[in-house]
Structures are given as C-alpha cells and as structure tokens.
1. Kindly indicate whether any position in the stretch 174-192 is open to solvent by 40 Å² or more (accessible area, probe 1.4 Å) and in contact (Cβ under 8 Å) with a residue 60 or more places away in the chain.
2. Test of understanding: among Val55, Val47, which residue is surrounded by 15 or more Cβ atoms within 10 Å (Cβ to Cβ), in a loop (DSSP other than H, G, I, E, B) and either at positive phi or within 20 Å of the chain's Cα centre (by Cα) (or both)?
3. Quick check on the stretch 278-295: of everything there that is of a type in the set (D, E, K, R) and not in a helix (DSSP H, G or I), which residue is least open to solvent (accessible area, probe 1.4 Å)?
4. Among the numbered conditions (1) surrounded by fewer than 17 Cβ atoms within 10 Å (Cβ to Cβ); (2) part of a loop (DSSP other than H, G, I, E, B); (3) not β-branched (Val, Ile, Thr), tell me where Arg252 comes up short.
5. Here's a check for you: in the stretch 209-242, which residue that is of a type in the set (D, E, K, R) and farther than 19 Å from Val274 by Cα is most open to solvent (accessible area, probe 1.4 Å)?
6. Taking the residues in the stretch 296-314 that are under 25 Å from the mean Cα position of the chain (by Cα) and under 21 Å from Gly263 (Cβ atoms) as candidates, determine which candidate is surrounded by the fewest Cβ atoms within 10 Å (Cβ to Cβ).
7. Give the stretch 78-107 a look and list any residue that's within 15 Å of the chain's Cα centre (by Cα) and more than 20 Å from His21 (Cα to Cα), or say none.
8. Give me a count of the residues in the stretch 109-166 that are open to solvent by 30 Å² or more (accessible area, probe 1.4 Å), at pLDDT 95 or above and assigned to a loop (DSSP other than H, G, I, E, B).
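The values are calculated or read from the model by the stated rules, or taken from the named source; none is laboratory data. As the structure is a prediction and not an experimental result, all values here were calculated from the model. Counting neighbours? That spans all protein chains shown, and the Cβs are built from the backbone with ideal geometry, glycine included. Only protein heavy atoms, including side chains, enter the accessible area calculation; ligands, DNA and RNA are left aside. Shrake-Rupley method; radii C 1.70, N 1.55, O 1.52, S 1.80 Å.
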Amino acid sequence: MDLEDTAARLGVTAEEISRVHRLAGDRPSAPLPAKADAPAILDRLGVRPDDAAEVMAGWPDADSPLWTPELRWLLDRSIALVRADLGGHQWLPPGPALPRDRGPAWRHLYVYAYLALVDVVTHYHREHGIPDAVSRTTLADLGRNLAIDRRMNREGWPVMQSWLTLHTRGAVYELGRLQHHRGDTALSLHIPDSGPLTPQAVTASLDEARAFFPRHFPDEHYTAFSCGSWLLDPQLREYLPEDSNIVRFQQRFELEPHEEQEGLDADVEVRRFVFRTLSTPLERLPRDTVLQRAVVDHLRAGRHWHWRRGRFPI
C-alpha cells in the first residue's frame, strides 16, 4: 500500500500512518460484533442513547459508502496494533487523530476498534479470574468518555482514544471510586468523573485494590500507589478548605520533586476536567463552586497550575 497516499486521504501525516503500519505489521485483527448485537453491547458499556445512535449510524457495514478503503485499513490495523499489546500497561495511541467533522465513521473509528476488542479483553479478564462486575464497570468507561466528549463539543476525544486502549489491554480496573492502572512496582490511581472524592470512598477503593491485584495478578508485586495529576498541586490549598475532599486526597501522598511534564499542560488539563471545555474564554467560565473559582482566579492572576506526582505505600 502507498502510505503517503493513505495519509493524504485520511488528512494525517505520513509519519503517523507509518507508525501504525510498523506497530501493527501483519498481526491479527479482531472482528466487530454483529451489528444486531451492537445496541445491547453499547448499552452494557454505558453508552448513552444519543451516542449509541451515532455509532450505529456509522457502522462499518461491508457496503457502507461512509467507509473508504483507507478508513477500513486504519480500523483493521488499529485493532491489530492494540491487540498485539494485550496485557501491556503503557500509554498507547491506537492511531492518528482524525478530522472528526467528516461524519460518524471518522468520528467514531476508534470506538469501533474498542468494540472489536471487547471480547478479546473479556477473555483476558476471565483467564485472570476477574469478576464479571469489575469487567463490566471497567469497560463501561467508554460510555462515560463519549458523554464527556459530547459535553465538550468534541474537544476531548484525541486524549480519550489513547486512554481507552488501557482498558482493552487489561491494564486498568475500576474498583469503586478509583481506577487502578497496572504498572511496574506501583499501581497508578485515576479519578473518573463519577461523584464526590470522599475519603471513605477512596479508602474503600484502595482496600479493594490491595486484595484484587494479588488475587488476580499474583506474579506482579506492587509496593505503592501512585498518582500524577493537577489534583496533587499544593497550590490548591491556597483556595480550598483543609477538610475538602481534594485536600484530604492530597494528604495521602508524598510528592515527588516538581518537574515539567513534556507535552502536558496542567492549565489545559485543569480546564478539561473542571469545566469540560478548552475553548471557552477565561472570563466566561462558570464560578459556581469553590474549585471553579480557584481555577479561574489563579489563571486570571497570571499564575499556572502544575502537574504533580506522588505516592504512598500499599
């Protein structure tokens, strides 16, 4: 195939297509579920009706005029790329960010890749004795992220498409309030958009993880919980009360020395998670909560938020 021509037709760089070609090689892909079964699967994965309708409208039927040969190639090779790293835990972009305004096939290509990998990762879960309830809750992060992307007027997906490859490789498990991400010697904590971050809910999730990973991954030995987030920025304590959930979450961690993260802008990430918008001018952002007011006042003062990492013993 002509990689440069494929890249041009997809509106992405030749380097991005070369990467997919190199990582996927001739490795096996995985089939999508039958279209008749898709609505029930989408419902199980927490996909809202409006998002599910879009996914079904763009379904890659064999005779669909929406699916050009280069789109079909990218879908097939993206599935193969992610499947080849089953059990891996590193960040893994499944392919280039596509111009999503071209329609549902372009907008949801990586959603179809996710759907094709659900059976693959479910089999992996069963091999490790993962309870069906944990599998279902973990994989339903697809629906949550599609809803966030819709709320963000399609600004959120390029990050989410890489994040969701962790789920389809068996790297992330949602246990109560927190998501736990397998690593080398530490379990990384992620905080989904699923309600208050109360100390009780956090403690219950940590206790569940302490039992879960030795049971299901006995060959892996973790010594700490870790987290990288703007939520750990000590500057938040200038604005939030000591008994706030965020401050009490921070108090669990011993922070590492601050280092700027290449390719990561904490100001952008704060706006993504607190306001679910990246394009609204600062002066038009809502100020309804203490946290919202803190974020806006800090930025309007010409200051910046920082991405901090911390850990504490398991």
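1. First, the residues of the stretch 174-192 that are open to solvent by 40 Å² or more (accessible area, probe 1.4 Å): 176, 184-185, 190-191.
Still in the list and also in contact (Cβ under 8 Å) with a residue 60 or more places away in the chain: none.
No, the stretch 174-192 has no match at all.
2. Numbers: Val55 fails: in a loop (DSSP other than H, G, I, E, B).
Exactly one of Val55, Val47 is surrounded by 15 or more Cβ atoms within 10 Å (Cβ to Cβ), in a loop (DSSP other than H, G, I, E, B) and either at positive phi or within 20 Å of the chain's Cα centre (by Cα) (or both), namely Val47.
3. First pass over the stretch 278-295, keeping only residues of a type in the set (D, E, K, R): 283-284, 287-288, 293.
Those left that are additionally not in a helix (DSSP H, G or I): 287-288.
Numbers: Arg287: 98, Asp288: 124 Å².
Taking the candidates together, the pick is Arg287.
4. The single condition Arg252 does not satisfy is (1).
5. In the first step, residues of the stretch 209-242 are kept if they are of a type in the set (D, E, K, R); the result is 210, 215, 219-220, 233, 237-238, 242.
Adding the requirement that they be farther than 19 Å from Val274 by Cα leaves 210, 215, 219-220, 242.
Numbers: Arg210: 87, Arg215: 153, Asp219: 138, Glu220: 54, Glu242: 108 Å².
Among residues in the stretch 209-242 that are of a type in the set (D, E, K, R) and farther than 19 Å from Val274 by Cα, the one most open to solvent (accessible area, probe 1.4 Å) is Arg215.
6. The selected residue is His304.
7. His89 - this is the single residue of the stretch 78-107 that is within 15 Å of the chain's Cα centre (by Cα) and more than 20 Å from His21 (Cα to Cα).
8. 3
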